[in-house]
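The values are calculated or read from the model by the stated rules, or taken from the named source; none is laboratory data. All values reported here derive from a predicted model rather than from experimental measurement. Ideal geometry is used to build each Cβ from the backbone, glycine not excepted, and the neighbour counts take in all protein chains shown. Only protein heavy atoms, including side chains, enter the accessible area calculation; ligands, DNA and RNA are left aside. Shrake-Rupley method; radii C 1.70, N 1.55, O 1.52, S 1.80 Å.
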Amino acid sequence: AEEAVALRAQAEAVRRLKQDKADPDEIAKEVAKLLEMKAQLGGDEGKPKFVLKTPKGTRDYGPKQMAIRERVFNAIISCFKRHGAEVIDTPVFELKETLTGKYGEDSKLIYDLKDQGGELLSLRYDLTVPFARYLAMNKITNIKRYHIAKVYRRDNPAMTRGRYREFYQCDFDIAGQFDPMIPDAECLKIVHEILSDLQLGDFVVKVNDRRILDGMFAVCGVPDSKFRTICSSVDKLDKVPWEEVRSEMVGEKGLSPEAADRIGEYVQLHGGLDLIEQLLQDPKLSQNKLAKEGLGDMKLLFEYLTLFGITGKSSFDLSLARGLDYYTGVIFEAVLLQQENEHVEELVGMGSVAGGGRYDGLVGMFDPKGRKVPCVGVSIGIERIFSILEQRLEASEEKIRTTETQVLVASAQKKLLEERLRLISELWDAGIKAEMLYKKNPKLLNQLQYCEDTGIPLVAIVGEQELKDGVVKLRIVATREEVNIRRESLVEEIRTRTSQ
């Protein structure tokens with residue numbers, strides 16, 4: 001009884017901490033204590049009771065989800081390969097010092113691990129910083145690579161919107177000294193190809209430049225020390241109206257109202273080459289060296305995007321800031337659009353599905369001699385894309401195949417298990433994807449039903465007469481048509497029929 005009272009008190013303590021939004025580490029410690037007490041008390045027959053759930057911000061992927069995910073990965077990988085990228089991999093955890101100080105305000109979301117044998121480690125937060133470490137460590141100055149792997153963020157998950165604590169990133173990066181804006185334009189082309197291929201609906205790729213932003217902040221009267229923090233306020237403009245962003249800048253971040261209003265005049269502008277030309281003539285911006293450089297490159301970029309035929313989906317947008325500290329030049333973000341309702345033509349953003357930019361200083365941070373390797377890259381937001389496709393498939397009730405089996409080896413009479421085993425072995429050895437039911441004498445109806453349920457297109461039926469004649473009866477599940485095929489021609493016939 002005393003133990004039960006202690007358990008209730010501990011549970012109450014955890015509830016209060018959660019209510020007061022206490023430090024997550026403190027809550028985790030108290031929860032661990034609570035679980036330990038529960039385990040000691042035990043449940044039925046003295047067995048400890050387990051909570052069967054995945055950890056917060058993570059999820060399981062069943063066969064259906066994995067089938068959709070593979071489809072998406074294949075589209076992305078084939079695009080990366082089409083553009084000549086090599087593939088690399090890096091450890092899931094890095095030395096803590098490798099990650100610290102690279103992510104600005106987001107650094108608090110890094111997952112730290114306990115001291116492991118004298119090394120302080122953290123789970124990787126993205127794939128870009130490990131890539132920069134890899135380049136510096138191996139003295140690589142020129143590479144085009146892709147990397148698809150899981151990353152970890154101690155974020156407040158919003159799982160319905162595809163926001164997790166453990167999730168995949170799909171990165172493509174070009175490192176090396178090249179002429180301006182050619183690799184940058186290719187990264188934008190890649191985003192365009194992938195989003196078009198996946199048929200997610202209408203989208204726009206917003207483009208800006210860190211130098212234009214910094215130049216704009218300077219001419220608007222933002223002190224140097226406030227550039228980054230004002231930048232992260234501007235970055236919220238796709239989610240909240242300008243009035244809220246302005247009050248955050250002035251109220252929370254101590255910016256003068258005049259400076260905020262001057263920023264407001266710029267960050268609400270978006271367009272294409274015309275806007276770039278207009279800003280190159282802007283009396284204030286054109287006097288700023290950084291902004292002028294950025295606008296010159298932006299003009300070049302939009303000329304290349306015109307040659308690639310993708311300016312229709314690209315928008316030069318002065319409100320785009322992207323929160324990460326390591327960007328130095330062009331930045332971009334792809335946003336899916338949807339119509340608010342049937343009567344209004346206004347398009348609203350559904351959130352970012354890809355993003356990236358130029359980060360010329362990151363590798364130099366790791367290099368002992370500070371040697372710089374210019375880099376530009378893009379990350380495809382696979383989880384958001386996956387959430388959208390998953391919801392769409394659920395709504396359409398389309399049947400998804402979770403296996404690639406081409407043929408089921410079946411029998412029409414009893415005592416033919418050995419013959420089925422012999423035939424399926426021949427098919428496997430020839431590289432055919434084949435299955436059979438694990439019963440000695442399955443009913444033909446059950447075997448055919450299994451094909452209907454799992455989407456297997458063909459059935460190879462062995463029977464006594466077929467064995468005598470040296471043939472196999474091949475049944476096409478969709479049309480129920482049956483043809484006798486010579487045993488030696490069976491593999492070729494299955495290949496022909498399943499490749500159509």
Worksheet item: Restricting attention to the range 360-386, which residues are under 29 Å from Ala75 (Cα atoms), open to solvent by 10 Å² or more (accessible area, probe 1.4 Å) and small (Gly, Ala, Ser)?
Response: Ser379, Gly381
Discussion item. Filter the range 385-421 down to the residues that are within 15 Å of Pro457 (Cβ to Cβ), out of contact with any strand residue (DSSP E or B) (no Cβ under 7 Å at 6 or more places or on another chain) and polar (S, T, N, Q) and list them by number.
Written reply: Thr402, Thr403
Practice prompt. Could you list, in sequence order, all residues of the range 158-181 that are at negative phi, under 15 Å from the mean Cα position of the chain (by Cα) and part of a loop (DSSP other than H, G, I, E, B)?
Written response: Tyr164, Arg165
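Mind listing whichever residues of the range 124-141 are open to solvent by less than 30 Å² (accessible area, probe 1.4 Å), of a type outside the set (D, E, K, R) and over 13 Å from Asp173 (Cα atoms)?
Initial filter on the range 124-141 (open to solvent by less than 30 Å² (accessible area, probe 1.4 Å)): 124-132, 135-136.
Add one more test, that the residue is of a type outside the set (D, E, K, R), and what stays is 125, 127-132, 135-136.
Result: Tyr125, Ala136.
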Worksheet item: With respect to the numbered conditions (1) open to solvent by less than 90 Å² (accessible area, probe 1.4 Å); (2) in the same structural domain as Gly377 (by the TED database), which one is the sole condition not fulfilled by Arg82?
Response: (1)
Worksheet, complete the sentence: Taking the range 238-251 and keeping residues out of contact with any Asp or Glu (no Cβ under 9 Å at 6 or more places or on another chain), of a type outside the set (Asp, Glu), surrounded by fewer than 19 Cβ atoms within 10 Å (Cβ to Cβ) and in a helix (DSSP H, G or I) leaves Trp242, Ser247, Val250, Gly251
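Can you tell me how many residues in the range 252-287 are of a type in the set (Gly, Ala, Ser), under 17 Å from Ser314 (Cβ atoms) and part of a helix (DSSP H, G or I)?
Going residue by residue through the range 252-287, those that are of a type in the set (Gly, Ala, Ser) are 254, 256, 259-260, 264, 271-272, 286.
The next check asks that each one be under 17 Å from Ser314 (Cβ atoms); those that pass are 271-272.
Now restrict to residues that are part of a helix (DSSP H, G or I): none.
Number satisfying all stated conditions: 0.
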Worksheet entry | For Gln339: the one exception among (1) surrounded by fewer than 21 Cβ atoms within 10 Å (Cβ to Cβ); (2) at pLDDT 90 or above | (2)
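Using the structure shown, decide if Glu303 is open to solvent by 30 Å² or more (accessible area, probe 1.4 Å) and either touching a Phe, Trp or Tyr at 6+ places or on another chain (Cβ under 9 Å) or modelled with pLDDT of 90 or more (or both). Break it down into steps so the answer makes sense when it comes.
Values: open to solvent by 30 Å² or more (accessible area, probe 1.4 Å): yes; either touching a Phe, Trp or Tyr at 6+ places or on another chain (Cβ under 9 Å) or modelled with pLDDT of 90 or more (or both): yes.
Criteria met by Glu303.
Based on this model, can you work out whether Ile76 counts as open to solvent by less than 70 Å² (accessible area, probe 1.4 Å), more than 23 Å from Cys231 (Cβ to Cβ) and in a helix (DSSP H, G or I)? Quick ask: steps written out before the conclusion?
Working: open to solvent by less than 70 Å² (accessible area, probe 1.4 Å): yes; more than 23 Å from Cys231 (Cβ to Cβ): yes; in a helix (DSSP H, G or I): yes.
In short, yes.
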Worksheet item: From the residues in the range 449-489 that are more than 16 Å from Leu416 (Cβ to Cβ) and in a helix (DSSP H, G or I), which one is most open to solvent (accessible area, probe 1.4 Å)?
Response: Glu488
Worksheet item: When you look at Lys150, is it in a strand (DSSP E or B), closer than 25 Å to Asp25 by Cα, in the same structural domain as Glu383 (by the TED database) and in contact (Cβ under 8 Å) with a residue 40 or more places away in the chain, yes or no?
Response: yes
Worksheet item: Residues in the range 400-436 that are outside the structural domain of Ile461 (by the TED database), open to solvent by 40 Å² or more (accessible area, probe 1.4 Å) and farther than 19 Å from Arg495 by Cβ: how many?
Response: 1
Response to the item:
Given (1) touching a residue at least 12 places away in the same chain (Cβ under 8 Å); (2) closer than 20 Å to Phe308 by Cα; (3) out of contact with any Cys (no Cβ under 8 Å at 6 or more places or on another chain), Ser196 misses just (1)
